[in-house]
Amino acid sequence: MSRWLVVAQRLRDRMASESFHHANDERGIPVTLSFGLATYPTDSASRYELLTRADANLYTAKYSDDGIQGTTETHRATRELRSESSFNVLDAMVNAVDNKDRYTRRHSERRDAICAVGRPGTGAFR
């Protein structure tokens, strides 16, 4: 992983010195990059699991100070435990929900609250 970490750091640092400029405007918009790193077979047993792990790492990297996140030893240990169980589909669904962006999560929570309040026959219908 260290080789890919070095590549990600170099790309991130190079882009940090650049900015996006609109035509006829001297002001620059900073460009940032985030990286979610995962390796096969260390972090995954399949392509699907590799992409899921890289996506989860990317989500974490977006909110980190340096914008780069690799798979931690805790994630690797958890992966080994999961591979011994039959909950792969459930894990994938939980990962997908956990990785939803904030807007979508809030939207889903509001929709669920409205649906719960608006059900006829529950005494809460308005």
Seminar exercise, completed: Residues of the range 30-54 being farther than 17 Å from Arg10 by Cβ and in contact with a strand residue (DSSP E or B) (Cβ under 6 Å, 6 or more places away or on another chain), in sequence order, are Pro30, Ala54
Seminar exercise, completed: Per the list (1) modelled with pLDDT of 85 or more; (2) at positive phi; (3) of a type outside the set (A, V, I, L, M, F, W, C), residue check on Arg12 breaks on (2)
Problem set entry | Boolean, Ser83 is at pLDDT 85 or above and polar (S, T, N, Q) | no
For this session: Evaluate the range 25-47: report whether one residue or more is part of a helix (DSSP H, G or I), surrounded by 14 or more Cβ atoms within 10 Å (Cβ to Cβ), modelled with pLDDT under 90 and at negative phi.
Result: no
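Residue by residue, here is whether (1) over 15 Å from Gln69 (Cβ atoms); (2) of a type outside the set (A, V, I, L, M, F, W, C) holds:
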position: Trp4; (1), (2): no, no
position: Ala16; (1), (2): yes, no
position: Ser19; (1), (2): yes, yes
position: Ala23; (1), (2): yes, no
position: Ile29; (1), (2): yes, no
position: Leu33; (1), (2): no, no
position: Tyr40; (1), (2): yes, yes
position: Ala45; (1), (2): yes, no
position: Tyr48; (1), (2): yes, yes
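The values are calculated or read from the model by the stated rules, or taken from the named source; none is laboratory data. Predicted model, so just to flag it, every value in this text is computed and none were measured. Glycine also receives a Cβ, built like all others from the backbone with ideal geometry; neighbour counts cover every protein chain displayed.
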